[in-house]
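Visitor: Submitted below is the structure of interest, expressed as C-alpha cells.
The values are calculated or read from the model by the stated rules, or taken from the named source; none is laboratory data. If you're wondering where the values come from, they're calculated on a predicted model, not measured in any experiment. A quick note on method: Cβ atoms are made from the backbone with ideal geometry, for glycine too, and the neighbour counts reach across all protein chains shown.
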There are 2 protein chains.
Amino acid sequence: MRAARYHGPGEISIDEVPDPTIESPTDAVVRVTHTAVCGSDLWFYRGESDREEGSRVGHEPMGIVEEVGDAVRHVRPGDRVFAPFSISCGACEYCRKGVHTSCENGGFWGSMTDGAQGEQIRVPQANGTLVRVPDRYADDQDVLQSVLPLTDVMCTGHHAAVSAGVKEGSTCAVVGDGAVGLCAVLAARRLGANRIVALGHHEDRLEIAESFGATDTISARGEAAVEELRALTAGGVDHAMECVGMGAAMETAIDITRPGGTVGYVGVPHGVEDGDLVGSLFGKNVTLAGGVAPVRAYVDDLLEDVLQGTLDPAPVFTKTVDLNGVPEGYRAMDEREAIKVFVDLT
Amino acid sequence: MRAARYHGPGEISIDEVPDPTIESPTDAVVRVTHTAVCGSDLWFYRGESDREEGSRVGHEPMGIVEEVGDAVRHVRPGDRVFAPFSISCGACEYCRKGVHTSCENGGFWGSMTDGAQGEQIRVPQANGTLVRVPDRYADDQDVLQSVLPLTDVMCTGHHAAVSAGVKEGSTCAVVGDGAVGLCAVLAARRLGANRIVALGHHEDRLEIAESFGATDTISARGEAAVEELRALTAGGVDHAMECVGMGAAMETAIDITRPGGTVGYVGVPHGVEDGDLVGSLFGKNVTLAGGVAPVRAYVDDLLEDVLQGTLDPAPVFTKTVDLNGVPEGYRAMDEREAIKVFVDLT
C-alpha cells in the first residue's frame, strides 16, 4: 500500500509501505477514504518542531472498516468510521472525565500507530477511538466532507469556545483565522454567543468567519488589533479564544480579555514561553484554560448537529487533492494558498 | 505622625510624615491600631522588585475611623474597621463582578495613597474599601488578631482554593508553607476538601499546616516532592494551589496536577516567565486560574466564620512588634525567623 511520509523540512512523499495488520485484539484496520492536512502539521513541515524522518504523517482519518480484532465490539467490517487525532480507550479515568487526550491506553497517529495519510491504517483501541457515521449518511459525499473536520479542527475550535466559557449571550473573540479559528467562530455561534469578533490577517478567511457567524472582524495586528477590539467592545471581551499557538497570538488574547475573564487556548504552543504571560494574567485575574482538544469528548454532540445540517465546517476545505496530491497539499497550506486541504482517496 | 518608609533594599525606617487629611468626599482617615508585614513586601525589601525610595509601605490596615468625607456612608468616626490590600469603590463593573482588584476607581496602598504601616492613613473609596468589625467584637484583641489576616493572606489563600476549584470531597495540594500557603490549607478545609497535601520546606510551618487541616505534608523539593505527592495521591491532584510566586513552585504545581485539573495561583509572579509553562499546561489540559486576590469579594463571608470562631488564621502570626519594631519585623521575615509579623500600635 502507499502512504505519505516525512523526509525532512518541506519534504513529503508518497511511498510504498507495508499493509497494516491486526496486532492486538482491540485493533481495527481501516481503509482510508478521506483525510486532510492540518495546520499543526506545518510545524514539522517547516522544521519548527522535530519529527523522525521516514515517519508517516496525518491524523484525521475517515474510511471503511476492513477488519477488526476479537475485542472490538463497536464497529464491524464495512462500517463508515472516522477517528479523532488522538487514540483513546474510552474506559480509563481520563476518558471518563472527558480528557481523552490523556488516555492511559492511548496515543497519537504517527507515533502510537501509522499516520493517517495513507491507503490503510491500523487503529489501536478501536472501541474507544472510532466513531461510526450512521448508515443513512455513510455514502453521502457532501455529508462526509462536513463530518471530516470533526476529526480535529471543528472539535478543537469547540474546545477553545468551551474552555473560554462561551455561552448564551456571550461577547467573545477569536484570535486566528486558520481552520481552527474559523471553527471556533462556528462553535461560539452554536453555543449561543451574542457577539463574536474574529481577528485575523486574511480578508478571504475573515469572509468565511463572517459566514460562520462572526459579527465583527479585525484584520490588524498586535497593539492595533487590541485597540480596535477594545474600541468595539467597550474595553475587551470576557471570553477570548486563542487558535494560533504563537506567543504573539497568546499575548493578544490575554490583552483583549477583560479582568476576571477567560482565555481558551488550543493552538499548539510555539514560542509562547518567551513572554511574561503569567504576569499578564495575574494582575487581572484572567484564567487560562484549554489545551490539546479532547475531540472524542465532543464528537458525538457535534456529529448530531452536522448530520442534521445545523453545523457545517466544510467551507474550511478550500482545496481537494488525491493521495498523490498530499505533498502539494502541504505546500499549498504552507504558502497559505489553501486554508485546509481535503484528501479524497476514493 | 510616624510611619514606615522604604529607603532601599533592606532599609525600612520609622519616619516623621505629614498627618493625612480628607482630600475627597469619598475619603476617610483611619487611626491604625493593628497592621502586619507581608511576604510580598519581601520582594522589594530584597531588591527583587522596584519600589520608589522614600515610599510608605504596608497594605494590611486595621484601626478606628477618625474622620470621613461627605460622601462616606458605610462607616462613621469611632468604627473599628479594616481594609483589603487593594482599594475598591464597590460599585463599578469589576467590583460588581467580584474582581475588586481591577476596580476602575481603585488602587493600592503605598501608591494610590499612604502605605498602611503608620499611625494614620487616608483611605480613598472608603465606602467600598473599609469593612466594619461589628461593635460586639470591636475591642476584643484576640478576635482582632484573627480578623487581621482577612486584609490579605487569609483571603489570598481562599482565592487560591476557589480558583483551583476546591470543593466538598476534593483531593488537593498546596505548594508553599508561607502565610498564604497555610491560609490556603485553612480555606481548602473550610471548602470541604477531603484530602489536603501541604508542600513546604520548614518543619515548624508544616506543623501549623497540619493544625490547619493538612492531611499530609511533604518537605521535599522539586522532582522529589512531585514524586512523593504522586505516590500519595495515585498520580496527582485535581486541584493544586500555588502560593509562592516563583517559577519552580509553579512548575511543581503544574506537575502534581492530574490531566484536566486546575492550578489556582496567587503568588505574585517572579521568574515565572522562564519556563515553558504553557507547554506544560497544554498537553494535559490543566487550567491556570487565579491572580491577585480580590479580597473584598470574599471578606464578608470569611469574617462571619472568624467571628463565630470556625476559622482562625491567627497562628500565622509568630512574632509581634510595635511601630518602632517594623524594621525588625521585615528582618525577621526575610530571615525566615517569623512566618508573619503582627504590628500592634495600641
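Visitor: Looking only at the range A:5-25, count how many residues are under 30 Å from residue A:73 (Cα atoms) and surrounded by 13 or more Cβ atoms within 10 Å (Cβ to Cβ). Explain how you work it out, then say what you get.
Guide: Here is the first cut: in the range A:5-25, the ones under 30 Å from residue A:73 (Cα atoms) are A:17-25.
Restricting the remaining residues to those that are surrounded by 13 or more Cβ atoms within 10 Å (Cβ to Cβ) gives A:17, A:20, A:22, A:24.
Number satisfying all stated conditions: 4.
Visitor: While we're on this one: Restrict the check to the range B:107-125 and report whether at least one residue is assigned by TED's automatic domain parsing to the domain that holds residue B:37, in contact with a helix residue (DSSP H, G or I) (Cβ under 9 Å, 6 or more places away or on another chain), assigned to a strand (DSSP E or B) and more than 27 Å from residue B:52 (Cβ to Cβ).
Guide: no
Visitor: Have a look at A:301, A:255 and point out the one that is under 21 Å from residue B:265 (Cβ atoms) and more than 9 Å from every other protein chain (Cβ to nearest Cβ).
Guide: The conditions single out A:255.
Visitor: Another question about this same structure. Restricting attention to the range A:46-91, which residues are surrounded by 20 or more Cβ atoms within 10 Å (Cβ to Cβ) and not in a loop (DSSP other than H, G, I, E, B)?
Guide: Within the range A:46-91, A:56, A:62, A:63, A:65, A:68, A:80, A:81, A:82, A:86, A:87 qualify.
Visitor: Mind checking which residues of the range B:163-176 are out of contact with any His (no Cβ under 8 Å at 6 or more places or on another chain) and surrounded by fewer than 24 Cβ atoms within 10 Å (Cβ to Cβ)? Before the answer, list the steps.
Guide: Of the range B:163-176, the ones out of contact with any His (no Cβ under 8 Å at 6 or more places or on another chain) are B:163, B:167-169, B:174-176.
Selection gives B:167, B:168, B:169.
Visitor: If you don't mind, there's one more thing I want to ask. Take the conditions modelled with pLDDT of 95 or more and within 16 Å of residue B:155 (Cβ to Cβ) and apply them to residue B:99. Does it pass?
Guide: Yes.
Visitor: Something else now. Hey, among B:306, B:292, which residue is touching a residue at least 24 places away in the same chain (Cβ under 8 Å), under 21 Å from residue B:128 (Cβ atoms) and at the interface with another protein chain (Cβ under 7 Å from one of its Cβ atoms)?
Guide: Being touching a residue at least 24 places away in the same chain (Cβ under 8 Å), under 21 Å from residue B:128 (Cβ atoms) and at the interface with another protein chain (Cβ under 7 Å from one of its Cβ atoms) holds for just one of B:306, B:292, which is B:292.
Visitor: Somewhere in the range B:252-260, is a residue in contact (Cβ under 8 Å) with a residue 60 or more places away in the chain, charged (D, E, K, R) and assigned by TED's automatic domain parsing to the domain that holds residue B:173?
Guide: no
Visitor: Across the range A:229-248, what is the total count of residues that are surrounded by fewer than 23 Cβ atoms within 10 Å (Cβ to Cβ) and either under 20 Å from the mean Cα position of the chain (by Cα) or part of a loop (DSSP other than H, G, I, E, B) (or both)? If you could, list the steps in order and put the result at the bottom.
Guide: Narrowing the range A:229-248 to residues surrounded by fewer than 23 Cβ atoms within 10 Å (Cβ to Cβ): A:230-236, A:238, A:246-248.
In the following step, the residues that additionally are either under 20 Å from the mean Cα position of the chain (by Cα) or part of a loop (DSSP other than H, G, I, E, B) (or both) were identified as A:233-236, A:246-247.
Summing the residues that are surrounded by fewer than 23 Cβ atoms within 10 Å (Cβ to Cβ) and either under 20 Å from the mean Cα position of the chain (by Cα) or part of a loop (DSSP other than H, G, I, E, B) (or both) in the range A:229-248 gives 6.
Visitor: Here is a further query. Give the number of residues within the range A:313-343 that are surrounded by fewer than 18 Cβ atoms within 10 Å (Cβ to Cβ) and either closer than 30 Å to residue B:262 by Cβ or acidic (Asp, Glu) (or both).
Guide: 5
Visitor: Let me confirm something: among A:160, A:173, which residue is more than 23 Å from residue A:318 (Cβ to Cβ) and either in the same structural domain as residue A:268 (by TED's automatic domain parsing) or in a loop (DSSP other than H, G, I, E, B) (or both)?
Guide: None of the others qualify; the one that does is A:173.
Visitor: Here's something else I'd like to know. Being crowded, with 22+ Cβ neighbours inside 10 Å, free of Cβ contacts under 8 Å to residues at least 24 places away in the same chain and facing chain A (nearest Cβ under 9 Å): is that true of residue B:278 here? Spell out the reasoning first.
Guide: Details: crowded, with 22+ Cβ neighbours inside 10 Å: yes; free of Cβ contacts under 8 Å to residues at least 24 places away in the same chain: yes; facing chain A (nearest Cβ under 9 Å): yes.
Here the answer is yes, as residue B:278 does meet what is asked.
Visitor: Further, regarding this structure: Can you name every residue in the range B:177-212 that is surrounded by 16 or more Cβ atoms within 10 Å (Cβ to Cβ) and part of a loop (DSSP other than H, G, I, E, B)?
Guide: B:177, B:178, B:191, B:193, B:200
Visitor: Looking at the range B:1-23, I want the residues that are farther than 30 Å from residue B:69 by Cβ and outside the structural domain of residue B:109 (by TED's automatic domain parsing) and have a partner that is assigned to a strand (DSSP E or B) and among the β-branched types (Val, Ile, Thr) with Cβ atoms under 9 Å, at least 6 apart or on another chain. Which pairs are those?
Guide: none
Visitor: Something else about it: What's the number of the only condition in (1) facing chain B (nearest Cβ under 8 Å); (2) in contact with a strand residue (DSSP E or B) (Cβ under 6 Å, 6 or more places away or on another chain); (3) surrounded by 22 or more Cβ atoms within 10 Å (Cβ to Cβ) that residue A:284 fails to meet?
Guide: All conditions pass for residue A:284, except number (3).
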